[in-house]
1. Go through the stretch 357-371 and count every residue that is surrounded by 18 or more Cβ atoms within 10 Å (Cβ to Cβ), more than 18 Å from LEU336 (Cα to Cα) and in contact (Cβ under 8 Å) with a residue 40 or more places away in the chain.
2. What about ALA56, is it touching a strand residue (DSSP E or B) at 6+ places or on another chain (Cβ under 6 Å), open to solvent by less than 30 Å² (accessible area, probe 1.4 Å), without any contact (Cβ under 8 Å) to a residue 60 or more places away in the chain and among the small types (Gly, Ala, Ser)?
3. Could you tell me whether THR378 is within 24 Å of ALA140 (Cβ to Cβ) and among the β-branched types (Val, Ile, Thr)?
4. Would you list the strands (runs of 3 or more DSSP E) that sit entirely within the stretch 64-132 and hold 1 or more residues that are closer than 29 Å to VAL432 by Cα?
5. Is at least one residue of the stretch 344-355 aliphatic (A, V, I, L, M), over 23 Å from ASP271 (Cα atoms) and either open to solvent by 50 Å² or more (accessible area, probe 1.4 Å) or in a loop (DSSP other than H, G, I, E, B) (or both)?
6. Considering only residues that are over 19 Å from SER70 (Cα atoms) and open to solvent by less than 10 Å² (accessible area, probe 1.4 Å), which ones fall in the stretch 109-127?
7. Test each condition in (1) aliphatic (A, V, I, L, M); (2) at pLDDT 95 or above; (3) open to solvent by 10 Å² or more (accessible area, probe 1.4 Å) for VAL281 and report the one that comes out false.
8. Mind telling me which of the residues LYS448, LYS452 ends up being over 29 Å from ILE166 (Cα atoms), at pLDDT 95 or above and open to solvent by 80 Å² or more (accessible area, probe 1.4 Å)?
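The values are calculated or read from the model by the stated rules, or taken from the named source; none is laboratory data. Source: prediction; values computed, not measured. FYI the Cβ positions are ideal-geometry reconstructions off the backbone, even for glycines, and counts take in every protein chain you see. All accessible areas refer to the heavy atoms of the entire protein, side chains included, with ligands and DNA or RNA removed. Shrake-Rupley method; radii C 1.70, N 1.55, O 1.52, S 1.80 Å.
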Amino acid sequence: MTISGWNFDNSYNRLPELFFTNVKPTPVQSPELIILNEPLATLLGLQASELKSDEAVGVFAGNEIPEGASPLAQAYAGHQFGHFTKLGDGRAILIGEQITPQGERFDLQLKGPGQTPYSRRGDGRAAIGPMLREYIISEAMHALGIPTTRSLAVVATGEKVYRENILPGAILTRVAASHLRVGTFQYAANWGSVEELRVLADYAIQRHYPNIEADEHRYLSLLQEVIKRQALLISKWQQVGFIHGVMNTDNMTISGETIDYGPCAFMDAYDPKTVFSSIDVQGRYAYGNQPPIGGWNLARFAESLLPLLHEDQDKAVEIAQEQVSKYPDLFKSYWLTGMRAKLGLFNEETEDQPLIDDLLNIMHKNKADFTNTFRALTLEKYEGMEWFDKLEFKQWQEKWHERLGRQKESKETAQQLMRNHNPGVIPRNHRVEEALEAAVQGDFEVMKRLLKVLSNPYSYTPEQVDYCTLPTDPNQPYQTFCGT
C-alpha cells in the first residue's frame, strides 16, 4: 500500500510470543465505506481524501495490509461476570501501531475481520448495527470529554452474518492508546512466567506511564497509576449516566480508556439499578454497581502483579490490599468534584455530599430524566417536568441557592461551570436505535445527523433541542445486546 501517512512501529510484536498470534484478516467480497472519521484521520497523520480510495477501503476491510503493518491477534484472559476464563481477540485483529506527526502512538484494530486462533466457535465477523453503535457511542464519549477508544471508519463487507437473524456484515477500525487490558495481565500471571509478566509490566509503563520508569518500586507505581485512571474514568461515566454493560476484566484497560462498546447505553430516568444488557440478568453491571465493580476488577489486576510487588507472597498481598483499599475514597473524591461542578460549586463544603444525595434521591423517586434534570438546572428552565413544582424539590432548590450564595464566584460564572459539565445532549437510546435501524436499511443520513449533534454536547444549540426529548413511551423496557 502506498497511501501517504501510514507510519507504523509495531512494538507489541516485540513482546514474547505468549501474548499474541500473527494472523491476517480474511478478505471480504465487496467492501464499501460507510463512514470515515476525517478529524481523527488528520490527528493520526493520515490524508482523509486518500482514505476514501479503493485501496484504503481495502485496508479497512482487511483485504489489504498497509505498508509497515504487522497484523496480530492478542491473547488475554478475563473474569466474565465473575468467572475466569482464557480469551483473546476472537473477532479483532491489531493491524499495527500508527505513530502520529506529534509522536503519539495509537493501535489500529479491525473489529469483524474474520477468525483468529482465539475465535473458539465464533465466525470472527460483525454485523453493521453493533459496529455503528460503537462508532456513535465512542465518538459521543470523546466529545463528552471521557477517555475512550475511538472509531476511524466503518465499512460494509458485502457479506451476511448469521446470528438470530441474517444481518449485513461490517468491519470497524478502532483507534486506542493501546489494547492492554487487566485481562492481559491475568493471562500473563496464569499462563506465563514471572519474567514474561515483568516484560509486560515494563511495556505498559513505557507505553502509558513513562513518568514512573525510574521509580524505585515502579510496579507498585503502575498499580497506583492504573487505580487512579480507572477511578477517574468510572467517576466520569457516573456523571453522565453512562452504563458500560459488561465490565469484565478483559474490558478494562491499563490506559484508563473506555473500551468495548457492546451492550452499552445512557440512562434516561435516574435509577441506580438500571441495566440495559440482555445478558446481565442479575444486574451485576448496573449503573449503581459500576464503581464497586471497578474496585473488584482492580483487585484482580493487583493479584496479577503480586510476583512483581514483593518476593514474599504475604508481603505482596499486603501491599496490593493497601493500594486497592484506597480506590473507594479516590473514586468518591473524583465523583464529588465532578458533581460539584454539575451544580456550579467551585469550593468544598462538608454538606455538599448530602446536597447531592438529596437531589439524586428526589430524582429517583420522581423517575426524573438524568441528563435533562441537570440541563434544566443549568438553564434555570423547569418547564415540562412536573416534579420541579413539588415542595420537596423547592426545598432542595432553596438549599442549593443558599450554597451557591456562599461562594465568591458569580452566578454567571457558576452557570458557565455547569454548562461545561452538564451535556445538553447525549446519545439517547431511541435516537441511536433510530439511526441503526435506518443504517441496516442502507440509509446513513439519520446517523450522520445524530453524530453532528453529538459532536459538541456542551454547546446548548437550538439544533440539540429535538435530541433532548424522551421516547414516546419512556416506560417501554430497553435492551441492548453484545453484538457478537
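1. Residues in the stretch 357-371 being surrounded by 18 or more Cβ atoms within 10 Å (Cβ to Cβ), more than 18 Å from LEU336 (Cα to Cα) and in contact (Cβ under 8 Å) with a residue 40 or more places away in the chain: 2 in total.
2. Working: touching a strand residue (DSSP E or B) at 6+ places or on another chain (Cβ under 6 Å): no; open to solvent by less than 30 Å² (accessible area, probe 1.4 Å): yes; without any contact (Cβ under 8 Å) to a residue 60 or more places away in the chain: yes; among the small types (Gly, Ala, Ser): yes.
No.
3. Numbers: within 24 Å of ALA140 (Cβ to Cβ): yes; among the β-branched types (Val, Ile, Thr): yes.
Judged against the criteria, THR378 is a match.
4. Working: elements: 72-74, 77-80, 83-86, 92-99, 105-111.
Of the strands (runs of 3 or more DSSP E) lying wholly inside the stretch 64-132, those with at least 1 residues that are closer than 29 Å to VAL432 by Cα span 77-80, 92-99, 105-111.
5. Our first condition is that a residue be aliphatic (A, V, I, L, M); within the stretch 344-355, this holds for 345, 355.
After this cut, where a residue has to be over 23 Å from ASP271 (Cα atoms) as well, the list is 345.
From what is left, the residues that are either open to solvent by 50 Å² or more (accessible area, probe 1.4 Å) or in a loop (DSSP other than H, G, I, E, B) (or both) are 345.
Yes, because at least one residue in the stretch 344-355 is aliphatic (A, V, I, L, M), over 23 Å from ASP271 (Cα atoms) and either open to solvent by 50 Å² or more (accessible area, probe 1.4 Å) or in a loop (DSSP other than H, G, I, E, B) (or both).
6. Scanning the stretch 109-127 gives ALA126, ALA127.
7. (2)
8. Every option except LYS452 fails the conditions.
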